[in-house]
Amino acid sequence: MRPRTLDEYAGQDHLLAPGRPLRQALEQGALHSMIFWGPPGVGKTTLARLLASLVDAHFVTLSAVLAGVKDIRAAVDEARQQQARSGRRTILFVDEVHRFNKAQQDAFLPYVEDGTLVFIGATTENPSFELNNALLSRARVYLLKSLDAQALSTLLQRALTDPERGLGELQLSIEPAAQQMLLEAADGDGRRLLNLLETAADLLQPGDCLGVALLAELLGEGRRRFDKGGEAFYDQMSALHKSVRGSNPDATLYWFARMLDGGCDPLYIARRVVRMASEDVGNADPRALTLALNAWDVQERLGSPEGELAIAQALVYLACAPKSNAVYMAFKAAMRDVAEQPSHEPPLHLRNAPTKLMKELGYSQGYRYAHDKPEAYAAGEDYFPEQLEPRQYYQPVPRGLELKIAQKLEHLRVLDAASSNQRRSSP
């Protein structure tokens, strides 16, 4: 059922609709090296084959899972022979190109550079992280999206009615409810759609109607597409985190359910919830961190599915809690200062003096014990290194408990100012 023309190609209208730049370039024969980045079953390989057909180019395909440098060199030799015999260009299509290591990616760069090969790579992973900069600079990246319901419906109807390449000779039909179930089960993956349809057709007689009961039996407990170490994993984790940060408990629960449905380890999510509690709630509501740690503990003690409810409780609490990243930003600023500044020594009055020698050297001399002072605060004391101007890393936000913290710190600054004025006015 692979389409043989661009007009038969389903989906990716943002790239291939009439008038779009990629389609115009292809129709004009202006072929260039490119990388197709998208989830499985959206037509990356098919599109590469179509491009080769459109520009009458020789097509060589390699799988990065199985191929090595030797195979790349063989493809280069084949391309040179084609050029010498017929003058045709060669498209080298590398599926799962992110699985090539740096040496393998570098192996075909000179031949892309001198025009021996037009390179097209397909990947399900983010090229920014998985591909060399040298390769990325020589190829344009095109993002292919999951197939929507309309594109999947088009594929389904073609497969059912095409007598040459599809199931048309069987004259099968499908119940509307079963069709909707099939489209949902495909989850944007055209290959999965056609595989499910073919499996169902094997269990039917010519002229039969595919119903919900048979399809439900075939689908079983199949999960959505979710790669525990891939792009979908990190995208959904990011969506979960940002829903919490954005104070949307409903979206938070949706992304949590999506990750569980895809097979994500709940303990991984529990660990990330603890991070959210510190990074995005912080001292605006310190109870959030305790609740997050408790949820982690419940998941370890009870496992799934009981522990998942505790994680859901923590996530909803974090989403609804007042937000503050003040500690997060303060910590980053302090780390930046430490990295950029010399290794300043602690002031002598802040050093411990457990021995007579250290006392004679001035260690701890002049230190004022805060608990002996009014309000347990040694007003005017400087706790920074002598070579470093005092900093104010921590800026509480006007939300939650940090409202009170800000008031307390402002009161202490007033005491510091009064102490400083008193010292200046003393003879």
note = Taking protein heavy atoms only, a 1.4 Å probe, and rounding to whole percent, the accessible area of the chain owed to carbon and sulfur comes out at 52
note = Straight-line reach check, Lys373, cutoff 29 Å on alpha carbons, 8 or more apart in-chain or any other chain, hits among lysines -> Lys356, Lys359, Lys404, Lys408
query = Can you list the lysines whose alpha carbon is less than 20 Å from that of Lys145, not counting same-chain residues fewer than 8 positions off?
reply = Lys44, Lys228
ask   = When the label point is put 7 Å from the Cα of Arg140 along its Cα-to-beta-carbon vector, which residues of the stretch 6-24 have a backbone N closer than 12 Å?
value = 15-16, 20-24
ask   = Out of every Cα-Cα pair in the stretch 9-55, what percent are more than 15 Å apart?
value = 43
query = At each listed q (0.10, 0.19 Å⁻¹), what is the log10 of I(q)/I(0) that the Debye formula gives for the stretch 76-182 modelled as equal alpha-carbon point scatterers?
reply = -0.52, -0.91
message = Full-extension gain between Ser343 and Arg20, please, as 0.36 nm times their residue separation minus the C-alpha to C-alpha distance.
response = 110.5 nm
ask   = If one computes the Cα centroid of the stretch 80-129 and of the stretch 315-354, what distance in Å separates the two points?
value = 48
request  = Give the ranking of Leu51, Leu253, Leu302 by solvent-accessible surface, highest area first, calculated with a 1.4 Å probe.
outcome  = Leu302, Leu253, Leu51
note = Under 13 Å by backbone N from the virtual spin label 7 Å along Cα-to-Cβ at Leu403, the residues of the stretch 306-328 are 322-323
key: Qualifying chymotrypsin sites (Phe, Trp or Tyr not before Pro) in the stretch 365-397, DSSP loop, other Cβ atoms within 10 Å at most 10   = Tyr369, Tyr383
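Once the mean 1/r over all distinct Cα pairs of the stretch 269-328 is inverted, what Kirkwood radius in angstroms do you read off?
Details: mean 1/r = 0.0903 Å⁻¹.
Mean inverse Cα-Cα distance, inverted, gives 11.1 Å.
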query = If you stretched the chain out fully between Glu217 and Glu389, how much longer would it get, using 0.36 nm times the residue separation minus the C-alpha to C-alpha distance?
reply = 54.8 nm
Simple label model, 7 Å out from Cα along Cβ direction - Asp56 to Ala251, nm = 5.2
ask   = Ranked from highest to lowest mean number of other Cβ atoms within 10 Å per residue, what is the order of the peptides 1-13, 262-274?
value = 262-274, 1-13
message = Computed from the coordinates I sent, log10 I(q)/I(0) by the Debye sum over Cα atoms at q = 0.08, 0.12 Å⁻¹ equals one of [x] -0.72, -1.12; [y] -0.46, -1.06; [z] -0.40, -0.92. Tell me the label.
response = [x]
inquiry  = How many angstrom lie between the Cα centre of the stretch 140-206 and the Cα centre of the stretch 1-30?
reply    = 21
task = For Ser238 paired with Gln205, estimate the spin-label separation in nm (one decimal), with each label point 7 Å from Cα along the Cα-to-Cβ line.
result = 5.3
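So for each of 150-157, 60-67 I average, over its residues, the number of other beta carbons within 10 Å; can you give me the resulting order with the highest mean first? Present the calculation step by step, with values, prior to reporting the outcome.
Numbers: 150-157: 18.9, 60-67: 16.4.
Highest-to-lowest ranking by the protection proxy: 150-157, 60-67.
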query = Can you list the residues, at least 5 places off or on another chain, whose amide H is less than 5 Å from the amide H of Leu210, using H built in the peptide plane?
reply = Ser173, Ile174, Glu175
query = In what sequence, highest mean first, do 333-343, 100-110 appear when ranked by Cβ atoms within 10 angstrom?
reply = 100-110, 333-343
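The values are calculated or read from the model by the stated rules, or taken from the named source; none is laboratory data. A quick note: this is a predicted structure, and the numbers were derived from the prediction, not measured. Counting neighbours? That spans all protein chains shown, and the Cβs are built from the backbone with ideal geometry, glycine included. Just so you know, the surface numbers come from the protein's heavy atoms only, side chains and all, with ligands and any DNA or RNA stripped out. Shrake-Rupley method; radii C 1.70, N 1.55, O 1.52, S 1.80 Å.
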